[in-house]
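Asker: I have a structure I would like to understand better, so I am pasting it below and will then ask my questions one at a time.
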């Protein structure tokens, strides 16, 4: 690489506007002293924000984009008419080789469509997937797909397993990550044709992973496996159900602690402990959605992202760019295909 | 009814054995002074347990069944060879008109198979579903299907909506329950063909419900609608993911409160409030799975049920028997079919 590692940012994507993006940059600059940043969006607005932070000088460039993708825009509409948007420009910088990774807090469907169109899919992979990192009793588990595909065939689930395994390898440093397929029971005969077919293929594969078989919904938070594979319909619903449950419990907790004088005193005394708890459960510490299977690294921040979560999305994107994840995905997928065709010939 | 309302119980079904069933009976007797109970299982064991509680005399009968269904038995195996089991006998009592409802904490798949075989499906409904009651910010929401069918067509999802609406009506007393279909987004174009087709049918129906459209995973705990409709694959995974999340948060909470002396003192002082919280989140207060769409009421308790949860499953079953839920399901389904064929003719 003749230039420094560069992060391309859709500065107009999130609900909160470019202000939080610039605040996130200030955090990220300190953590990644060698990295350059490219901001796409309204020039006037961005220059005004950037100029407030002298530290950003020489580390951040601004590129003008006149349009922006709205949260309610259909992906097909953005593909036809979105070439002037900050999202399109952010992906295009990666395509043109000006940047190594792209980050956006914008419309997920549009970002996936623009990324697929601009960057293309990794050879040997049929469909990209969105991965997320889930906090567990044992640490962290990767769950994918959480929303790119509303349906997935057995072969596509196998692709997701390959991508998840590669991600666990390069990001968590695991030599042989354990991989499970999300199902309604752990017995072999359970589930629909897609999960049964995928399990069959993975059981006979020689990938650098330990295939665990089926896991159930409660196994995600238990940390039973390092990688949980599912289709984007189920994965998205599981993720949002978990978020809803966490919020419900938080509300219960506030109610019960406020109900009595002793509860209020207890909450005050225990406030340090409760803060630790909140930090562990803070969705802002979560990088959001990681797009896997594209010729380029794209990370999707939550639409409601603040500076903290935007900065952690940058951390993740930078780690992935450094680790060269796609090299491993391609190698594993090809090795698997070769083994399968050898087995078919024998 | 010439005889008293009677509850038929598979006393050998749960992991904990018949002891907790008899303890649950002692609780239920007080709450339902007019109800009779029929226990199916090992005669010697059951008589010994029942004789310890003089209050049970005259309210509980024991019927001998020599076999029991194991948790790992396949439903097809139980259908072929399970006629001597306590589960089969429990359902058969409802079929023979000796009892009005059946309860088991045994193998869910086997219980559904035996129930379908023994009782048959309500006229006009294509497949039964398992419903559960979910605690929410606003109170409670019914979610179905949580595990009877790994796939569901648009028409089947509509059946689930009808059954959920009827359940919300008779159990929660709601005149026009709000109903939503679980999806990956709330916009009309989102999701797979089944959810889009079902939404289309429900939008044009004249059922006594308010069709809300699509809801997302986080809407369940938010209490956005009274009834959430989904296929049994997604519903089962959402339910178990929520359980896993609650357990994870509980573990985090214990860890953070124990970490510091102040946290420990705070937890002691706040222990009353934390107890209230635990009570609200106690899965034992949840009745388990309610089988809807069968010619008879069947309630499935958690396999790991204790006396408290077994007793709340009995409460639910007794309420459903009193309310005659199937009359409403049939009426609503028929009204809907009639309206649809009228619309087709016009």
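Asker: Scan region A:242-254 and give yes if some residue there is within 17 Å of the chain's Cα centre (by Cα) and more than 11 Å from every other protein chain (Cβ to nearest Cβ), otherwise no.
Answerer: For region A:242-254, residues within 17 Å of the chain's Cα centre (by Cα) and more than 11 Å from every other protein chain (Cβ to nearest Cβ): absent.
Asker: Return yes or no: is residue A:15 touching a residue at least 24 places away in the same chain (Cβ under 8 Å), within 26 Å of residue A:320 (Cβ to Cβ) and assigned by TED's automatic domain parsing to the domain that holds residue A:114?
Answerer: yes
Asker: Can you list the helices (runs of 4 or more DSSP H) lying wholly within region B:10-118 that have 3 or more residues being in contact with a strand residue (DSSP E or B) (Cβ under 8 Å, 6 or more places away or on another chain) and within 20 Å of residue B:288 (Cα to Cα)?
Answerer: Qualifying helices (runs of 4 or more DSSP H): B:18-31, B:86-95.
Asker: Check residue A:137 against each of (1) in contact with a helix residue (DSSP H, G or I) (Cβ under 6 Å, 6 or more places away or on another chain); (2) assigned to a strand (DSSP E or B) and name the one condition it does not meet.
Answerer: (2)
Asker: Looking at region B:172-190 only, could you name the residues that are surrounded by fewer than 22 Cβ atoms within 10 Å (Cβ to Cβ) and either out of contact with any strand residue (DSSP E or B) (no Cβ under 8 Å at 6 or more places or on another chain) or part of a loop (DSSP other than H, G, I, E, B) (or both)?
Answerer: Within region B:172-190, B:173, B:174, B:175, B:176, B:185, B:186, B:187, B:188, B:189, B:190 meet the criteria.
Asker: Applying the selection to region B:64-79, what residues are within 25 Å of the chain's Cα centre (by Cα) and closer than 16 Å to residue B:8 by Cβ?
Answerer: B:65, B:68, B:69 - these are the residues of region B:64-79 that are within 25 Å of the chain's Cα centre (by Cα) and closer than 16 Å to residue B:8 by Cβ.
Asker: Also: Restricting the search to region A:157-181, which residues are within 14 Å of chain B (Cβ to nearest Cβ) and under 18 Å from the mean Cα position of the chain (by Cα)?
Answerer: Answer for region A:157-181, where residues must be within 14 Å of chain B (Cβ to nearest Cβ) and under 18 Å from the mean Cα position of the chain (by Cα): just A:157.
Asker: Within region B:140-159, work out how many residues are within 27 Å of residue A:249 (Cβ to Cβ) and not in a loop (DSSP other than H, G, I, E, B).
Answerer: The qualifying residues number 5.
Asker: Please enumerate the residues belonging to region A:96-110 that are closer than 17 Å to residue A:39 by Cβ and touching a helix residue (DSSP H, G or I) at 6+ places or on another chain (Cβ under 6 Å).
Answerer: A:99, A:100, A:101, A:102, A:103, A:104, A:106
Asker: How many residues does region A:277-300 contain that are more than 14 Å from chain B (Cβ to nearest Cβ) and either farther than 13 Å from residue A:108 by Cβ or at pLDDT below 90 (or both)?
Answerer: Going through region A:277-300 one residue at a time, the tally reaches 9.
Asker: Could you figure out which of (1) surrounded by fewer than 18 Cβ atoms within 10 Å (Cβ to Cβ); (2) over 20 Å from residue B:299 (Cβ atoms); (3) without any contact (Cβ under 8 Å) to a residue 24 or more places away in the chain; (4) touching a helix residue (DSSP H, G or I) at 6+ places or on another chain (Cβ under 9 Å) isn't true of residue B:51?
Answerer: Against the list (1) surrounded by fewer than 18 Cβ atoms within 10 Å (Cβ to Cβ); (2) over 20 Å from residue B:299 (Cβ atoms); (3) without any contact (Cβ under 8 Å) to a residue 24 or more places away in the chain; (4) touching a helix residue (DSSP H, G or I) at 6+ places or on another chain (Cβ under 9 Å), residue B:51 comes up short only on (4).
Asker: What residue, of B:263, B:217, B:197, is touching a residue at least 24 places away in the same chain (Cβ under 8 Å) and within 7 Å of chain A (Cβ to nearest Cβ)?
Answerer: Exactly one residue qualifies, and that residue is B:217.
Asker: A further question follows. Out of B:242, B:323, I need the residue that is surrounded by fewer than 22 Cβ atoms within 10 Å (Cβ to Cβ), at pLDDT 75 or above and touching a helix residue (DSSP H, G or I) at 6+ places or on another chain (Cβ under 8 Å). Which one?
Answerer: Just one listed residue meets the conditions, B:323.
Asker: Which one of the conditions (1) modelled with pLDDT of 90 or more; (2) assigned to a loop (DSSP other than H, G, I, E, B) does residue A:207 fail to meet, given that it meets all the rest?
Answerer: Evaluating residue A:207 over (1) modelled with pLDDT of 90 or more; (2) assigned to a loop (DSSP other than H, G, I, E, B) leaves (1) as the failure.
Asker: Just to be sure before I move on: is residue B:310 modelled with pLDDT of 80 or more, assigned to a helix (DSSP H, G or I) and surrounded by 22 or more Cβ atoms within 10 Å (Cβ to Cβ) in the structure I sent?
Answerer: Yes, satisfied.
Asker: Starting from residues that are more than 18 Å from residue B:69 (Cβ to Cβ) and assigned to a strand (DSSP E or B), keep the ones in region B:291-307 and report whichever is nearest to the chain's Cα centre (by Cα).
Answerer: Across region B:291-307, the extreme among qualifying residues is B:292.
Asker: Considering only residues that are more than 7 Å from chain B (Cβ to nearest Cβ), within 22 Å of residue A:126 (Cβ to Cβ) and touching a helix residue (DSSP H, G or I) at 6+ places or on another chain (Cβ under 6 Å), look in region A:225-239 and name the one that is surrounded by the most Cβ atoms within 10 Å (Cβ to Cβ).
Answerer: Restricting to residues being more than 7 Å from chain B (Cβ to nearest Cβ), within 22 Å of residue A:126 (Cβ to Cβ) and touching a helix residue (DSSP H, G or I) at 6+ places or on another chain (Cβ under 6 Å), the top hit is A:229.
Asker: If you don't mind, another one. List the pairs whose first member sits in region A:62-78 and is facing another protein chain (nearest Cβ under 10 Å), whose second member is surrounded by fewer than 18 Cβ atoms within 10 Å (Cβ to Cβ) and at pLDDT below 95, and whose Cβ atoms are under 8 Å apart, counting only residues at least 6 apart or on separate chains?
Answerer: Within 8 Å, the pairs are A:72/B:187; A:74/B:189.
The values are calculated or read from the model by the stated rules, or taken from the named source; none is laboratory data. Remember, predicted model here, so these are calculated numbers, not experimental data. No Cβ is skipped: glycine too gets one built from the backbone with ideal geometry, and neighbour counts run over all protein chains shown.
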